[in-house]
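Input: a single structure, listed below in structure tokens.
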Amino acid sequence: MTVRVVTDSTSDLSPDVLEELSIVCVPLSVLFGDKAYRDGVDLTTDQFFQKLVESRVAPSTSQPSVGEFRQVYERLAGEADGIVSVHIGAELSGTVAAATLARDSLSSRCPIEIIDTETASLGIGFTAIAAARAARAGAPLADVAEAARSVVRRQHTICFLDTLEYARRGGRISRVESILGGLLHLKPIFIIQGVSLPLSRARTRPAGLKRLFETAMAYPNIVDVGIMHATTPEDAELIAGWTRERLPGVPIRLARLGPTLGTHGGPGVMAMTVVEGEKSGT
């Protein structure tokens, strides 16, 4: 049985990983005013963050259309016995809804499993990778989907904002909250778990990075670590060094945060994803 895996650009997987594991990536769009750019196609991450800082217009993001998903599913249905489609959390984006509508509109008999990861960035990426590895090993559709859902249950994605300004511009918090936060130099740390849930705050960037790291390391039996940055690769390397000391031998994946978190987090946003190991008996 041949099972293909689809994800979207919020997974922050590199082109090399997508190609190696035969994962098809459907891009979201970034809108500056009435101008739309497909993430990673019409606009690189560097170009996005440059426009984010320079533009007077606050950008927004938009999920792929139902038609875009339908085209991908129809193409893959001709060569696959099943499709597992792994996407950003439904509470964060309309991507899962669009993928579901596309699936339901197909006349093809190729079964499609839609996975709501309830998260973003490498939380999605690790899920898609697990599905793709199971598919490459020849697992049937149900097992490939379960490999993805297992990671969803075991992953935790934590984010750190260096500034509240871009969250305000993106409508995530009020102007009053951003002014108060700015006056107090507060830098929030939150977990993406269906929605964004606040965990704590720090007063300086070094303190925030350390708190981000310690929050991630508090989970038990970590078997995979992802470290994501927007514009500060040196901070990603710093946290990677801390991780190697704390968890020697555990694989670490570095990634660049794309426009979805970048739109609301700003240039200095950082994030970590940790995946817990399978519990015995599961």
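The values are calculated or read from the model by the stated rules, or taken from the named source; none is laboratory data. Not measured: the values here are computed from a predicted model. Cβ coordinates were reconstructed from backbone atoms using ideal geometry, including for glycine residues, and neighbour counts include every protein chain displayed.
Are any residues in the stretch 204-247 among the acidic types (Asp, Glu) and either within 20 Å of the chain's Cα centre (by Cα) or in the same structural domain as residue 58 (by TED's automatic domain parsing) (or both), and if so, which ones?
Across the stretch 204-247, the qualifying residues are 224, 235, 237.
Report, by residue number, each residue of the stretch 2-39 that is surrounded by fewer than 21 Cβ atoms within 10 Å (Cβ to Cβ) and in contact with a Gly (Cβ under 7 Å, 6 or more places away or on another chain).
27 - this is the single residue of the stretch 2-39 that is surrounded by fewer than 21 Cβ atoms within 10 Å (Cβ to Cβ) and in contact with a Gly (Cβ under 7 Å, 6 or more places away or on another chain).
Select, from 250, 269, the only residue that is out of contact with any Ser or Thr (no Cβ under 6 Å at 6 or more places or on another chain), within 22 Å of residue 55 (Cβ to Cβ) and not assigned by TED's automatic domain parsing to the domain that holds residue 47.
When all the criteria are applied, what remains is 269.
Please count how many residues of the stretch 22-44 are more than 28 Å from residue 5 (Cβ to Cβ) and in contact (Cβ under 8 Å) with a residue 24 or more places away in the chain.
Count: 2.
Checking the conditions here, which among 98, 120, 36, 90 is farther than 26 Å from residue 193 by Cα and either in contact with a strand residue (DSSP E or B) (Cβ under 8 Å, 6 or more places away or on another chain) or assigned to a helix (DSSP H, G or I) (or both)?
Being farther than 26 Å from residue 193 by Cα and either in contact with a strand residue (DSSP E or B) (Cβ under 8 Å, 6 or more places away or on another chain) or assigned to a helix (DSSP H, G or I) (or both) holds for just one of 98, 120, 36, 90, which is 36.
Considering only the stretch 143-250, give the strands (runs of 3 or more DSSP E) lying wholly within it that have at least 3 residues that are at pLDDT 95 or above and among the small types (Gly, Ala, Ser).
none
Quick check on residue 117: is it at pLDDT below 95, closer than 27 Å to residue 269 by Cα and in contact with a Ser or Thr (Cβ under 6 Å, 6 or more places away or on another chain)?
Judged against the criteria, residue 117 is not a match.
Being in contact with a Ser or Thr (Cβ under 8 Å, 6 or more places away or on another chain), part of a strand (DSSP E or B) and not aliphatic (A, V, I, L, M) is the requirement here; does residue 70 meet it?
Answer is no for this residue.
Only residues that are surrounded by fewer than 20 Cβ atoms within 10 Å (Cβ to Cβ) and within 17 Å of the chain's Cα centre (by Cα): list them for the stretch 52-93, please.
Of everything in the stretch 52-93, those that are surrounded by fewer than 20 Cβ atoms within 10 Å (Cβ to Cβ) and within 17 Å of the chain's Cα centre (by Cα) turn out to be 60, 62, 90, 91.
For the stretch 100-107, does any single residue satisfy the condition of being under 19 Å from residue 122 (Cα atoms), in contact with a helix residue (DSSP H, G or I) (Cβ under 8 Å, 6 or more places away or on another chain) and modelled with pLDDT of 95 or more?
There is no residue in the stretch 100-107 that is under 19 Å from residue 122 (Cα atoms), in contact with a helix residue (DSSP H, G or I) (Cβ under 8 Å, 6 or more places away or on another chain) and modelled with pLDDT of 95 or more.
Any residue in the stretch 45-65 that is within 26 Å of residue 102 (Cβ to Cβ) and in contact (Cβ under 8 Å) with a residue 12 or more places away in the chain sitting within a Cβ distance under 6 Å of a residue that is in a helix (DSSP H, G or I) and among the β-branched types (Val, Ile, Thr)? List the pairs, counting only those 6 or more apart or interchain.
59/263; 61/260; 61/263; 63/95
State all residues of the stretch 94-113 that are within 21 Å of the chain's Cα centre (by Cα) and surrounded by fewer than 22 Cβ atoms within 10 Å (Cβ to Cβ); if no residue qualifies, say none.
Residues satisfying the conditions are 94, 97, 100, 113.
Check 241, 249, 262, 277 and return the single one that is without any contact (Cβ under 8 Å) to a residue 12 or more places away in the chain and more than 17 Å from residue 213 (Cβ to Cβ).
Checking each option against the conditions leaves just 249.
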